[in-house]
1. Just to verify a number: FRET efficiency for Phe237 and Arg19, C-beta to C-beta distance, R0 = 22 Å, to 0.05?
2. Once the dipole of segment 235-346 is set up with Lys and Arg at +1 and Asp and Glu at -1 on Cβ about the Cα centre, which of Ile341, His244, Pro258 lies farthest towards its positive end?
3. Mind checking which lysines have their C-alpha under 22 Å from Lys294, skipping anything on the same chain fewer than 8 residues away?
4. Is the shape of segment 186-229 rounded, prolate or oblate, going by the alpha carbon gyration tensor and its root eigenvalues a ≥ b ≥ c, with a/c under 1.5 for rounded and a/b larger than b/c for prolate?
5. Taking 22 Å as R0, compute the FRET efficiency from the Cβ-Cβ separation of Ala451 and Asp299 and round it to 0.05.
6. Given a Förster distance of 41 Å, report the FRET efficiency between Ser335 and Thr177 from their Cβ-Cβ distance, rounded to the nearest 0.05.
7. Looking at segment 190-274, which trypsin sites (Lys or Arg not before Pro) are DSSP coil and have at most 12 other C-beta atoms within 10 Å of their C-beta?
8. Please sort by residue number the GluC sites (Glu not before Pro) in segment 150-225 whose DSSP state is loop and whose Cβ has at most 14 other Cβ atoms within 10 Å.
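The values are calculated or read from the model by the stated rules, or taken from the named source; none is laboratory data. None of these values were measured; they are calculated from a predicted model. A quick note on method: Cβ atoms are made from the backbone with ideal geometry, for glycine too, and the neighbour counts reach across all protein chains shown. Side chains are part of the model used for accessible areas, which takes the heavy atoms of the whole protein and leaves out ligands, DNA and RNA. Shrake-Rupley method; radii C 1.70, N 1.55, O 1.52, S 1.80 Å.
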Amino acid sequence: MTPDLAPIWTRLQAEVRRRVPESAYDIWLAPLRWGGIDGDRIVLLAPSEVRAWVQQRYAAILEEAARTTLGDGSVARVELRDDDGTPTPASGVRPTAQAVSVEDPRTALFDDTETSRLNPKFTFEQFVIGDANRFAHAAALAVAELPGQAYNPLFIVGPPGVGKTHLLHSIGNYVRTYGGGLTVRYTTVERFTNEFLEALKARDVDAFKHRYRRNDVLLIDDVQFLERKVKTEEEFFHTFNALHETGSQLVLTSDRPPRDMAKLEDRLRQRFESGLLVDIREPDIATRLTVLRKRAHHDGIDVGDDGVLELIAERVTDNLRSLEAALIRVVAYASLTDAPIDHALADEVLTQLYGRSSAGRAAGPPSVQRIQDVVAEVFGLTRDELLSPTRTARVAWPRQVAMYLAREHTHETLPAIGAHFGGRDHSTVLHACKRAASRIGTDPDAYDAVATITARLTDAGGGTTV
């Protein structure tokens, strides 16, 4: 007796729904249609856009659901075919989420402009890599090359202006260029919130959900602003889950780690912490100088005296945004006053901006890294040489000076200072400090060198004189 096929398909759909998250079903499995029974095979017809991905991710689930539906120890196989009846190959590449979207005139309320918001200038090639951001850059590039497979979610933490947004745009631009059609959406929490409120007001939340939950890569800037936004936080939680469950990549940035977001719901904080967290610190002097040179070259700025860029890099230390703003201010001042861009002009402009002792930030003790950078520069070394195991006089004396200044001008303990110098122990640091103090007291040249370094540290944002 020929079975009634319509109930089989209805029961099979219900069984599949029971086995997968609702969001996954709606995006990938709802488009499937009944194709009949061919021998021992249940044939399902799938749009070409989703066929390979369903075969790769859901074939086993479909067959388990089919066996449960047919009962009696059935060993029926499920075969996916294109709408024209062509069988699906055994494996395939992931389709774009955009191609899966359901025809819905309401989505016109939220036209797709997120990709166009990607800044084409923010690419991995233009990102200046330094010690402060190397790990974050490597993680971002890995995510861009393998969305949804490397680190998901990727959570980038750092103070304002250190390159978090640049990395977000770099990921988006990379995927857009090399991702084989994967869809990318970039937004900020502020924009996400505003659009969600507009959707609530228009009673059209479904279109909003459609827009944000059907992407292969979602890039969200400034998630710290989710705190105390109860409705938005709830919607963001479900958006996060929907994308994560379907294998879409999420990349988030914040000015502080999830554990410090006290007003955020625990369930959302736990999801933020479930992937890889990387931090970007304030840029070192080498990175700052490279950024300035790159910006000057890109904008065609002729800075004949390289000391101008070095001065800006020394005086503006907190973030790259302030650094580039200082360069623009110096160039603009020179243009408006018809004066050459030289060290004296740069010093005048920077003093107007930051004063003599602030250097772009509130006065305070310099960091160990800052001390290392300045010491290395004054003695003509690289920071790597300063931290290396070598004991030659050319390196040993500057290293002792750096350790001495770190003890004098920071709140770090001796073991902590040793950790900053390649993992040396506290006794090595103590010995270096004693040797440096003794030499400064008897050698005028040593005293002058340390005084010069201390003056630079004072100009860069804190410290006292020798």
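1. Calculated transfer efficiency: 0.45.
2. Positive-end residue among those listed: His244.
3. Within the straight-line limit of under 22 Å, Lys294 reaches these lysines: Lys121, Lys164.
4. In terms of gyration-tensor shape, oblate.
5. 0.05
6. Calculated transfer efficiency: 0.70.
7. Details: sites: Arg191, Lys201, Arg203, Lys209, Arg211, Arg213, Arg214, Arg228, Lys229, Lys231, Arg259, Lys263, Arg267, Arg269, Arg271; in loops: Arg203, Arg214, Arg228, Lys229, Lys263.
Those that pass, being in a loop and sparsely packed, are Arg203, Arg228, Lys263.
8. The qualifying sites: there are none.
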